[in-house]
Every structure is written in structure tokens, then in C-alpha cells.
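What follows is a set of notes on a single structure, which appears directly below.
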């Protein structure tokens, strides 16, 4: 609680509102200053400022400068921080629909991901989160499929059984990892590196770009290519604050956020091979197991009943 209060004070203290700007927006994030997450935030800033000019002032605070991910979520919820750019799954404890991100093998491929999130099903999810939880998700973006990075070799599903794997404190993620036979351990994202280094956990599951950005490869050398989940990044804003903006501002937000998502998709598509090659150059050993047993085992997951209709709707649309 004290950390959250201090983080909130920090937000207020470092915020400077431009006198000529009609809308002042602070956006927090956890990515490092040179990460693709932060670049996506910068693309958004450039696009919306080009559109609205002096009618808007955007301040970016990457690198968890405003607190941990959980603390920033609480700040947005409380209206202390306007927006943050992070994984939509971080809203899973506030609304079951946000847990769709943590469902294993939900999307066939990247095209399917965007078809869902930019279509009526995605809009339904976004509106339900806004109405019931008070968060407006803008510009859902593809962060890449998630892979396992572990400290010991793993060439099959059997090899991962019982491994203690860091999981976000999000119900669907925890259940997916449990269903795959691993032992989920909820460690704050900012503490994962040390947790692996000290043997608190046996590994982590993240997209390749995050594995590289957070340098997890320095403490775990075995990359298991499972493509088990597709992480959904997005701008997540306080809904009450968002609805107080006029229609022109909201339209500019949507347009800039979609441009940011398009940039991230292009970056992810072009960079995956390079990121993988760079990890191998750092001594990472790549394992490519048969995914059929993973998909079959994931089907045994017992997700929140409130999430099941959304899962069914997504799969029925395929």
C-alpha cells in the first residue's frame, strides 16, 4: 500500500501540464527506454501530436518509473494516472474477459489474432472491460507468441512437468501453465531476473522481444519454442477520464493507437528471426518440441466460467 501511495505521489509530482494544451496525458510503461514497447508508445505520441497539435500534451514514463505494473494498474484505476501501455492480461483480476490473453492456444496465427481483436468480438471484450472494470483498452497490439525460457534442457512436454515457471498473477495464465504440467509461481515482472538467478523459479514464459529486452537469457539458456499464448499489448486508460474527452480527441486516440499497433506488428514480423539469432549468439539453446501434446494438454485447462463464453465465441469464429 505504501509503495502504491508513493508511486501515486511520484506521478503527481513529476507531471507538468502545458498551459496551452487542452489535454494532458501521462502514459506509464514497464519496457526499457529502448524497448519496442517504448517505441510503440513513442509512435502513439508522434501520431496523436501530429493530429491534434497543441491541443494535446503527451508525457511518456517507460522503465517502470511510475511504479511496478500492478501499481500503475491501480493508479489508472484510481484516476491518478491517465493511461499505461502494457499487457491487457494485467486487467485480468478486474474483469474475466481480459484473461482471454492467458488462454493457451486460443489463436491459430497472427492474422487470426488481429481478426479477433479488430472485429466485433474484440470490440465486445473492450466494451465489457470499460463498462464493468473502468479501463478503456485502445489499440490492441500483437506482442508475439510466448515461449518458455528455462534453466535446464526441455525437448518435450514431459520435460517441463513440475518445473517452477514464473507466471503473471493473472488467473488464466496460472491455469494455462498449470494445465501444461508446470508449476506456476507468481513473481512480479520486475523481479523475474533475480528470481531465476537465485533459483526461486526454473524459468519464465515471455515473447522473444521481452526475453531479449529484459536480458532473461543471461540467467536461463534453454528456449523452448511453444507459441502457447499471444500476448496482447494495449493502451489502457481510465474510462471515466477517457469519456470526458471530446469526440475528436477520442477519435485521435483510436487512430494513433491503431498506428502504434500496426508498427508493433510490422516490428514483430521483421524482428523475430533477428531476435532469435541474437539470443543464440548469447549462448541460448533453442528447443523445438512437437506441439501436438502441448495443445492436447492445454485443452484440459479449467478456466473461470465467466471467461468460457468468450473462449467459445473466439473458437467458434474460426
| With respect to the numbered conditions (1) at pLDDT 95 or above; (2) under 25 Å from residue 211 (Cα atoms), which one is the sole condition not fulfilled by residue 68? | (1)
| Right, residue 182: crowded, with 23+ Cβ neighbours inside 10 Å, within 16 Å of the chain's Cα centre (by Cα) and at negative phi or not? | no
| request: May I ask you to say which residue of 47, 39 is surrounded by fewer than 24 Cβ atoms within 10 Å (Cβ to Cβ), modelled with pLDDT of 95 or more, out of contact with any strand residue (DSSP E or B) (no Cβ under 7 Å at 6 or more places or on another chain) and under 19 Å from residue 210 (Cβ atoms)? | output: 39
| Of all residues in the stretch 218-230, how many are surrounded by fewer than 22 Cβ atoms within 10 Å (Cβ to Cβ) and either closer than 14 Å to residue 31 by Cα or in contact with a strand residue (DSSP E or B) (Cβ under 7 Å, 6 or more places away or on another chain) (or both)? | 4
| said: Taking the conditions exactly as written (touching a strand residue (DSSP E or B) at 6+ places or on another chain (Cβ under 7 Å), surrounded by fewer than 23 Cβ atoms within 10 Å (Cβ to Cβ) and modelled with pLDDT under 95), does residue 144 satisfy them or not? | reply: no
| said: Can you tell me how many residues within the stretch 271-318 are free of Cβ contacts under 8 Å to residues at least 40 places away in the same chain, part of a helix (DSSP H, G or I) and over 21 Å from residue 227 (Cβ atoms)? | reply: 5
| the stretch 156-166, subset in a strand (DSSP E or B) and touching a helix residue (DSSP H, G or I) at 6+ places or on another chain (Cβ under 7 Å), residue surrounded by the most Cβ atoms within 10 Å (Cβ to Cβ) | 166
| Across the stretch 75-112, which residue is nearest to residue 293 (Cα to Cα) among those that are over 16 Å from the mean Cα position of the chain (by Cα) and in a helix (DSSP H, G or I)? | 112
| request: Report yes if residue 104 is over 12 Å from residue 142 (Cβ atoms), crowded, with 22+ Cβ neighbours inside 10 Å and modelled with pLDDT under 95, otherwise no. | output: no
| task | Look at the stretch 13-32 and say how many of its residues are at pLDDT below 95 and either closer than 13 Å to residue 85 by Cα or touching a helix residue (DSSP H, G or I) at 6+ places or on another chain (Cβ under 9 Å) (or both). | result | 8
| task | Say whether the condition of being over 20 Å from residue 113 (Cα atoms), in a strand (DSSP E or B), touching a helix residue (DSSP H, G or I) at 6+ places or on another chain (Cβ under 6 Å) and modelled with pLDDT of 95 or more is met by at least one residue in the stretch 230-241. | result | yes
| Which of the residues spanning the stretch 178-207 are in a helix (DSSP H, G or I), in contact with a strand residue (DSSP E or B) (Cβ under 6 Å, 6 or more places away or on another chain) and closer than 22 Å to residue 276 by Cβ? | 192
| query | Of all residues in the stretch 118-155, how many are out of contact with any helix residue (DSSP H, G or I) (no Cβ under 6 Å at 6 or more places or on another chain) and assigned to a strand (DSSP E or B)? | reply | 6
| request: Answer yes or no as to whether residue 169 is assigned to a loop (DSSP other than H, G, I, E, B) and closer than 30 Å to residue 26 by Cβ. | output: yes
| query | Looking at this structure, is residue 202 crowded, with 18+ Cβ neighbours inside 10 Å and free of Cβ contacts under 8 Å to residues at least 60 places away in the same chain? | reply | yes
| When you look at residue 279, is it surrounded by 12 or more Cβ atoms within 10 Å (Cβ to Cβ), modelled with pLDDT of 95 or more, within 22 Å of the chain's Cα centre (by Cα) and under 30 Å from residue 213 (Cβ atoms), yes or no? | yes
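The values are calculated or read from the model by the stated rules, or taken from the named source; none is laboratory data. In this text, all values refer to a predicted model and were calculated from it rather than measured experimentally. For neighbour counting, all protein chains shown are included, and Cβ atoms are generated from backbone atoms with ideal geometry for every residue, glycine included.
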